[in-house]
Amino acid sequence: MLKVKDIMTLNPVKVQTDQTLRDAIQLMTDKRIGCLIVCKGDEIVGILEEGDIVRNALCKDMNIYVTKVESVMSIPMVIHEDQADDEASEMMIRNKVRHLAVSSDSKITGVISMYDLMRPIYTGRTFWN
């Protein structure tokens, strides 16, 4: 059993609430990631997953060039970094999300994705390097 802190992604990529979805999508594409932590100034206020964009914007024919991130973001599900990978998996399944914000000392320090949970299974395979 692994702890979340052993497999999470440190220093998650952030976006501001007032940025457009187009900017957020471009950032996710450039960084090859599936979520962004959403901030208002320095305060973390949400998470933006690919599914949020599809369900809350594209399916409603919102214009990604003018729609702001805060209009479609979700409230992040948070897990403590010392919790087990099994707990993270269960939380994702129960809440139907693919990413969890990871906390330490009441601060978000990382993100864990369903792919992070699968990675230990494939340790040693070159496509994870």
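Descriptive notes on the structure:
- For residue 30, the test of being of a type outside the set (A, V, I, L, M), surrounded by 13 or more Cβ atoms within 10 Å (Cβ to Cβ) and modelled with pLDDT of 95 or more is failed.
- Here is the figure for segment 54-97: residues that are of a type in the set (Lys, Arg) and either surrounded by 19 or more Cβ atoms within 10 Å (Cβ to Cβ) or in contact with an Asp or Glu (Cβ under 6 Å, 6 or more places away or on another chain) (or both) total 1.
- Taken residue by residue, segment 8-17 has no member that is part of a helix (DSSP H, G or I), of a type in the set (A, V, I, L, M, F, W, C) and surrounded by 13 or more Cβ atoms within 10 Å (Cβ to Cβ).
- Condition check for residue 36: closer than 23 Å to residue 115 by Cβ, touching a Lys or Arg at 6+ places or on another chain (Cβ under 7 Å), modelled with pLDDT of 95 or more and not β-branched (Val, Ile, Thr): yes
- Odd one out for residue 24, checked against (1) of a type in the set (Gly, Ala, Ser); (2) modelled with pLDDT under 95; (3) under 21 Å from residue 112 (Cα atoms): (2)
- Restricted to segment 1-52, and to residues there that are under 18 Å from residue 68 (Cβ atoms) and of a type in the set (Lys, Arg), the residue that is nearest to the chain's Cα centre (by Cα) is 14.
- Residue pairs meeting the criteria (Cβ under 6 Å; at least 6 apart or on separate chains; first acidic (Asp, Glu), in segment 95-116; second not in a strand (DSSP E or B)): 116/7
- Filter result (without any contact (Cβ under 8 Å) to a residue 40 or more places away in the chain and within 13 Å of the chain's Cα centre (by Cα)) within segment 78-94: 78, 92
The values are calculated or read from the model by the stated rules, or taken from the named source; none is laboratory data. Note that this is a predicted model, so its numbers are computed, not measured. Because the Cβ atoms are built from the backbone with ideal geometry, glycine has one as well, and the counts that use them run over all protein chains shown.
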